[in-house]
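This report refers to the structure that appears directly beneath it.
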Amino acid sequence: AQSVAQPEDQVNVAEGNPLTVKCTYSVSGNPYLFWYVQYPNRGLQFLLKYITGDNLVKGSYGFEAEFNKSQTSFHLKKPSALVSDSALYFCAVRDRSAGNQFYFGTGTSLTVIP
Amino acid sequence: NAGVTQTPKFQVLKTGQSMTLQCAQDMNHNSMYWYRQDPGMGLRLIYYSASEGTTDKGEVPNGYNVSRLNKREFSLRLESAAPSQTSVYFCATRLEGITEQYFGPGTRLTVT
């Protein structure tokens with residue numbers, strides 16, 4: 001069975017500090033991993049993805065994520081948080097061998113405090 | 001280039017009423033998806049369509065039907081709405097292969 005866990009419902013960070021939003025996954029095969037961001041009353045927007053290769057993936061708006069196969073994690077990071085980064089963040093996984101379905105975490109609400 | 005559009009944006013239904021949510025895309029993507037988003041539960045897949053004329057059930061298909069009549073459009077129908085179907089519904093599309101999904105703006109549905 002495929003699943004994604006985001007252990008923190010809420011993350012608060014001061015502006016200018018580094019931020020981390022955690023994600024762990026469970027798939028039967030090798031994963032494709034994704035991060036999306038959702039601003040209030042909007043649809044989800046793609047941030048970055050891991051397919052293969054370098055474990056550190058860089059994406060939009062200065063975000064990056066590190067794939068760790070042994071810990072089955074794909075944490076989202078940014079070196080210096082902005083107030084405008086405040087939003088809802090979703091991790092998603094797709095099993096390479098299991099067709100077209102994506103599985104989403106429950107989301108983490110990030111608040112960057114000025 | 002509008003991307004993924006959804007209509008309506010808001011809808012209020014009474015229990016037992018029916019309605020169809022519409023999704024259209026102009027990105028020439030092959031796959032289309034319907035999700036519902038509920039607080040604390042993330043996004044759950046209702047149905048998806050890998051290509052025109054094909055549909056498959058997702059995690060929570062009960063109470064819904066879908067139709068993929070052409071490559072651009074993928075509709076979601078509630079035949080007899082129930083309060084448990086109160087949610088925000090998102091349509092998404094994907095080209096093919098290892099690509100990401102693109103989401104519409106959502107439809108906020110309330111069933112009273």
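The values are calculated or read from the model by the stated rules, or taken from the named source; none is laboratory data. Since the structure is predicted, the reported quantities are computational estimates derived from the model, not experimental observations. A quick note on method: Cβ atoms are made from the backbone with ideal geometry, for glycine too, and the neighbour counts reach across all protein chains shown. For accessibility, only protein heavy atoms count, side chains too; no ligands or nucleic acids. Shrake-Rupley method; radii C 1.70, N 1.55, O 1.52, S 1.80 Å.
Taking only the range A:26-50 into account, find how many residues are more than 12 Å from residue A:109 (Cβ to Cβ), within 13 Å of another protein chain (Cβ to nearest Cβ) and either among the charged types (D, E, K, R) or in a strand (DSSP E or B) (or both).
So the answer is 14.
If you check B:21, B:109, B:76, B:43, which single one turns out to be within 11 Å of chain A (Cβ to nearest Cβ), of a type outside the set (D, E, K, R) and not in a loop (DSSP other than H, G, I, E, B)?
Going through B:21, B:109, B:76, B:43 in turn, the sole match is B:43.
Each row is one residue, and each column tells you yes or no for (1) of a type in the set (Ser, Thr, Tyr); (2) farther than 19 Å from residue A:25 by Cα.
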| site | (1), (2) |
| --- | --- |
| A:53 | no, no |
| A:58 | no, yes |
| A:63 | no, yes |
| A:66 | no, no |
| A:71 | no, no |
| A:82 | no, yes |
| A:89 | yes, no |
| A:92 | no, no |
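Output the qualifying pairs, or none if there are none: Cβ atoms under 9 angstrom, residues six or more apart or on different chains, first residue in the range A:61-73 and within 16 Å of residue A:87 (Cβ to Cβ), second residue open to solvent by 40 Å² or more (accessible area, probe 1.4 Å) and hydrophobic (A, V, I, L, M, F, W, C).
Once the first residue is within 16 Å of residue A:87 (Cβ to Cβ) and sits in the range A:61-73, its partners that are open to solvent by 40 Å² or more (accessible area, probe 1.4 Å) and hydrophobic (A, V, I, L, M, F, W, C) give A:61/A:82; A:62/A:82; A:65/A:56.
From the set of residues in the range B:31-40 that are at the interface with another protein chain (Cβ under 9 Å from one of its Cβ atoms) and in contact (Cβ under 8 Å) with a residue 24 or more places away in the chain, which is surrounded by the most Cβ atoms within 10 Å (Cβ to Cβ)?
So, considering only residues that are at the interface with another protein chain (Cβ under 9 Å from one of its Cβ atoms) and in contact (Cβ under 8 Å) with a residue 24 or more places away in the chain, the one surrounded by the most Cβ atoms within 10 Å (Cβ to Cβ) is B:35.
For the range A:81-98, enumerate the residues that are open to solvent by 40 Å² or more (accessible area, probe 1.4 Å) and either out of contact with any strand residue (DSSP E or B) (no Cβ under 9 Å at 6 or more places or on another chain) or closer than 22 Å to residue B:102 by Cβ (or both).
A:84, A:88, A:96, A:97, A:98
In the range B:51-61, what residues are open to solvent by 30 Å² or more (accessible area, probe 1.4 Å) and within 12 Å of chain A (Cβ to nearest Cβ)?
B:51, B:54, B:55, B:56, B:57, B:59, listed by residue number.
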